[in-house]
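Read the figures in this text as sums done on the coordinates, not as results from a lab. Nothing here was measured: the structure is a model prediction, and the numbers come from that model. Cβ: placed from backbone, ideal geometry, glycine included. Neighbour counts: every protein chain shown.
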Amino acid sequence: AQSVTQLGSHVSVSEGALVLLRCNYSSSVPPYLFWYVQYPNQGLQLLLKYTTGATLVKGINGFEAEFKKSETSFHLTKPSAHMSDAAEYFCAVSVEYGNKLVFGAGTILRVKS
Amino acid sequence: EAQVTQNPRYLITVTGKKLTVTCSQNMNHEYMSWYRQDPGLGLRQIYYSMNVEVTDKGDVPEGYKVSRKEKRNFPLILESPSPNQTSLYFCASRPAAGDSYEQYFGPGTRLTVT
């Protein structure tokens, strides 16, 4: 069965530092991959997605992710963290011809001033 | 504004009292789905629907029912809620066509069963 693993349930960075949130997936077919963000007491917002083509994907709020097939990874990065980036981040893979999103357990990002 | 709406946003109920959480989308999407979010587990799919009158189980369907009588609505029914159904619930939708299978999520319904 397909699965998504997010390394680190909590990540803490200083404001201005690099943000790196790790995501590894298992999929028997070429994956469609997503990163969603959830701000406190809010719903899920799509940050970025990979379908086909360019493996480096740019999203909103300065985030980007690189699809590496050989490593089955889709890590999320941002060069400089901002206080407003504090949230929970979810990596997900679309399976069963789009009938289901399989989510990782989530990573809570804390940004220190 | 294109959106998925859920009602209620917050609900506290008691064990065994039937409840319904409504979900509606105004984007004319064929596909709709329900997920529950629990700490440390991420989101898990409960049920999904490919179109009107077509529904199927997800990974955690036990204790839930759904119906899809209209394209825009996909209510989640808990016939006899139990405390282990205390969770944050999300409805989502997407068009049948498209190149990414991106799903659009509602704001969530926080359910507490005592």
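Numerical summary
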item	result
For B:M32, B:M50, order by how many other beta-carbon atoms lie within 10 Å, fewest first	B:M50, B:M32
Equivalent ellipsoid, the range B:7-99 (semi-axes from 5 times Cα gyration tensor eigenvalues, Å)	23, 14, 12
Amide H partners (placed H, <5 Å) of A:H82, local residues excluded	A:G16
In the protein assembly as shown, lysine pairs with alpha-carbon atoms under 25 angstrom apart (chain gap of 8 or more, or interchain)	29
Inter-site label distance for B:R9 and B:M27 at 7 Å from Cα along Cβ, in nm	2.0
Listed peptides A:43-53, A:90-100, B:12-22 by packing density, highest first (mean Cβ within 10 Å)	A:90-100, A:43-53, B:12-22
Over the range A:45-90: Rg over Rh, Cα atoms, Kirkwood Rh	0.97
Coordinate range along principal axes, alpha carbons of chain A, Å, largest first	42, 28, 21
